[in-house]
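Below is one structure, written out as structure tokens, with a few remarks after it.
The values are calculated or read from the model by the stated rules, or taken from the named source; none is laboratory data. Every value quoted in this text rests on a predicted model; they were computed, and no experiment measured them. Positions of Cβ are generated from backbone atoms using ideal geometry, with glycine treated the same way; all protein chains shown enter the neighbour counts.
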Amino acid sequence: MIDRSTDPAGWWGKVYSDVPLTTQWDDGAHTGNSKGRTPTSSNSMPKMVFAMLDALSVERGNRVLEVGTGTGWNAALLSYRLGPDNVVTIEVDPAVADEARRRFTATELTPLSVVGDGAQGYPDGAPYDRIIATCGISRVPYAWVEQARTGGLVVAPWGPPYGGQAVARLQAGEGGIASGPFVMSSAFMRLRDQRDQFPPTASFPGAADWPAEGERRTTALSPDDMGDWHHMFTLGVQVPDLFCRVECGQGGAYRLWLLEMSGQSWATADYEHGRTAYEVVESGPRRLWAEAEAVMSWWREQGEPRFERYGLTVTPHGQRVWLDHPRNPVPVLVP
């Protein structure tokens, strides 16, 4: 942590570097110069800010809703380009919003700054030509689609609970449907309305007594593959109730735990450098490592797609991820 009052040169150096900067820990409960438990607000990496603004494709006269004010930098950039009267920014945390308003006033760029739940959008300012979220989501709030003008764009970082996040660029169409491709990888803090609450590993039957009565076998699927961003995305899309934890060992070895939200089934796979077969234990009514193997087999059969081949469609009834074309939905193995 860097304090501007005691290290101004270091502070400015970080501000102008191409890295994300955490500006709040633990929803503001943590104070001081040390790190807290969980980062909850930040100034995004400049390269990502500009890439997402490029995907937003704003034009003169556009009206924009930003979800997640944060430091206010993104809203200020939009205000400079479009005029403050055309920008609405919403922030759930009153203290964060107040700090951003102070900065807006100092720069004479004063968009409409609202404190509220970004998942609800801001209907009083709708319709919007562009909507951009600076926080991660696993479900596109349908309010955003409803508040987007037909032909307008929604740009938001999207990813399943398992991990692997990418920026979706959706165009609002007729019939309350928005659809479009993923355009780049991303890693954003979750919208507070959608933070995942995972059950503790010890609450799963037999997990505290590993391997307990779990079935043991070997696999050729490396646990390391489960950490690649696009692999995590593909696995999380097809098995949307899946999450993972890592138990570190010595010399780079580790145990990967796959768990599911009902708290009944788990699987582990042990990684050691140089091995081609890995010890697996599966327990509960589902065989989670077998599900992961099926997903990765599907991924290879599809030509090992990266994010750019995936897309997302949102309707009044839900959302679905597709591959190459909206008429080709990615299969979901477990509802």
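Only residues that are in a loop (DSSP other than H, G, I, E, B) and either closer than 24 Å to Val330 by Cα or out of contact with any Asp or Glu (no Cβ under 6 Å at 6 or more places or on another chain) (or both): list them for the range 243-266, please. Hits for the range 243-266 are Gly249, Gln250, Gly251, Gly252, Met261, Ser262, Gly263, Gln264, Ser265.
Looking at the range 126-148, is at least one residue more than 28 Å from Ala95 (Cβ to Cβ) and buried (at least 22 other Cβ atoms within 10 Å of the Cβ)? Among the residues of the range 126-148, at least one is more than 28 Å from Ala95 (Cβ to Cβ) and buried (at least 22 other Cβ atoms within 10 Å of the Cβ), which makes the answer yes. Test Pro240 against the stated conditions and say whether it is within 23 Å of Tyr310 (Cα to Cα), in contact (Cβ under 8 Å) with a residue 40 or more places away in the chain and either touching a strand residue (DSSP E or B) at 6+ places or on another chain (Cβ under 8 Å) or in a strand (DSSP E or B) (or both). Here the answer is no, as Pro240 does not meet what is asked. When Gly118 is tested against (1) surrounded by fewer than 24 Cβ atoms within 10 Å (Cβ to Cβ); (2) in contact with a Gly (Cβ under 8 Å, 6 or more places away or on another chain), only condition (1) is not met.
Considering the range 104-142, the residues that are of a type in the set (A, V, I, L, M) and out of contact with any helix residue (DSSP H, G or I) (no Cβ under 9 Å at 6 or more places or on another chain) include one that is modelled with the lowest pLDDT, namely Ala106.
Looking at Ala208, Ala212, can you tell me which residue is part of a loop (DSSP other than H, G, I, E, B), surrounded by fewer than 16 Cβ atoms within 10 Å (Cβ to Cβ) and not aromatic (Phe, Trp, Tyr)?
Exactly one residue qualifies, and that residue is Ala212.
Within the range 178-199, is even one residue hydrophobic (A, V, I, L, M, F, W, C) and touching a Leu at 6+ places or on another chain (Cβ under 6 Å)? For the range 178-199, residues hydrophobic (A, V, I, L, M, F, W, C) and touching a Leu at 6+ places or on another chain (Cβ under 6 Å): present. Answer with yes or no whether Gly311 is on the phi > 0 side of the Ramachandran plot and either without any contact (Cβ under 8 Å) to a residue 40 or more places away in the chain or not hydroxyl-bearing (Ser, Thr, Tyr) (or both). Spelling it out, it is not the case that Gly311 is on the phi > 0 side of the Ramachandran plot and either without any contact (Cβ under 8 Å) to a residue 40 or more places away in the chain or not hydroxyl-bearing (Ser, Thr, Tyr) (or both). Under 8 Å by Cβ, and 6 or more places apart or on different chains, what pairs join a residue from the range 88-110 that is over 14 Å from Glu66 (Cα atoms) with one that is of a type in the set (D, E, K, R) and surrounded by 12 or more Cβ atoms within 10 Å (Cβ to Cβ)? Cβ pairs passing all conditions: Asp93/Asp27.
Is at least one residue of the range 269-288 within 22 Å of Phe198 (Cβ to Cβ), part of a helix (DSSP H, G or I) and in contact with an Asp or Glu (Cβ under 7 Å, 6 or more places away or on another chain)? Looking for residues that are within 22 Å of Phe198 (Cβ to Cβ), part of a helix (DSSP H, G or I) and in contact with an Asp or Glu (Cβ under 7 Å, 6 or more places away or on another chain), one finds at least one in the range 269-288, hence yes. Determine if the range 129-151 includes at least one residue that is closer than 30 Å to Asp241 by Cα, of a type in the set (A, V, I, L, M) and either in a loop (DSSP other than H, G, I, E, B) or free of Cβ contacts under 8 Å to residues at least 12 places away in the same chain (or both). The answer is yes, given that some residue of the range 129-151 is closer than 30 Å to Asp241 by Cα, of a type in the set (A, V, I, L, M) and either in a loop (DSSP other than H, G, I, E, B) or free of Cβ contacts under 8 Å to residues at least 12 places away in the same chain (or both). The set of residues from the range 59-112 being surrounded by 20 or more Cβ atoms within 10 Å (Cβ to Cβ), outside any loop (DSSP other than H, G, I, E, B) and of a type in the set (Ser, Thr, Tyr) comprises Ser79, Thr89.
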